[in-house]
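The values are calculated or read from the model by the stated rules, or taken from the named source; none is laboratory data. None of these values were measured; they are calculated from a predicted model. Methodologically, a virtual Cβ is constructed for each residue, glycine included, from the backbone with ideal geometry; neighbour enumeration extends over all protein chains shown. The area values use the complete protein model at the heavy-atom level, side chains included, leaving out ligands, DNA and RNA. Shrake-Rupley method; radii C 1.70, N 1.55, O 1.52, S 1.80 Å.
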Amino acid sequence: MALQLTELLRFSTEDANDLIEGEMETTLRKVKEHTKCTDWRKVNSAVLTKLTKAQLVECLNEAVIAVGLGQESLEDAVADYGGLLENQVRLQARVINRDEELLKCKNEQLEAIQSTVKSELKSYSEVTKKGLEERAITAQQVKMAVKTAVKEDDRSRNLMMFGVPETATEDLESKAAEVFEQLEEKPKVVECYRVGVQKEGASRPVKVTLSSSDTVGRILGKSRQLRTTDRFSRVFISKDLTVEERNARKKLVMELKQKRENEPGLHHFIRNGTLFSRNHAGS
């Protein structure tokens, strides 16, 4: 735009100069005709005083016309230049306003994006934190899990003996060894003691801890043989049950008694935590 204004001013000025020069040439040509001079540079006051009044008026009139036309051309050029300058200022103002609007729009978009990103990061952080909290294992939980595992391992090396006569002075390890001898087993006994509250006329169960869970499993598999012995036919051996397992066992025993009362013609028994009923052998 600045280049256009400069060019317009240059062209308008040149046009005005050309117009003035053309008119001045006409004036000089008349002066030379009247003064009989071939070169206008030789025209001076002495020469001009020789001209008649009518000739001087004609020359001055031509000069005035030339100057006036040149002035009008210059004024038009200045007016055009001023209009274009005003248009340029308005266009620059529009460009500035547009740039400001674009910058404002970009800032708003950037703020919206930043807000969205912060919100997403916050949501992701909360979800991640919640997931970690839900999955976190506390030291106490680990300790309890280890303790439970140790208890289960210790329990697998235990046996429970029911029906072993209880006396005031007794050697429980010897009694347990006699029972194991009936099953042709001589396990290493780590610990042996009675459990529960002592009641008159009742023998408390005996808990026996052996050195190996394999030995416990082997003895449990043979424990049914005690039914055929004279001394320990009323002794029953089972694994060391948890509270939950004992409650379930107690329920099964109650169901077994009910079955035997309601269905005396069948043989009812418990095996591996399940109650079975079948016909008596030979019936």
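Heavy-atom surface analysis with a 1.4 Å probe gives segment 162-283 a carbon and sulfur content of 48 percent of its accessible area. Seen from residue 246, the other residues with C-beta closer than 14 Å to its C-beta sum to a net charge of +3, counting Lys and Arg as +1 and Asp and Glu as -1.
Heavy-atom accessible surface of residue 116, to the nearest 10 Å², is about 80 Å², with a 1.4 Å probe and all protein chains retained.
Past the 19 Å Cα-Cα mark, which pairs from 186/207; 222/259; 207/259; 186/222; 207/251?
222/259; 207/259; 207/251
Ordered from largest to smallest accessible area (heavy atoms of protein chains, 1.4 Å probe), the residues 240, 99 come out as 99, 240. Here the gap between residue 253 and residue 271, fully extended at 0.36 nm per residue and compared with their Cα-Cα distance, gives a gain of 5.4 nm.
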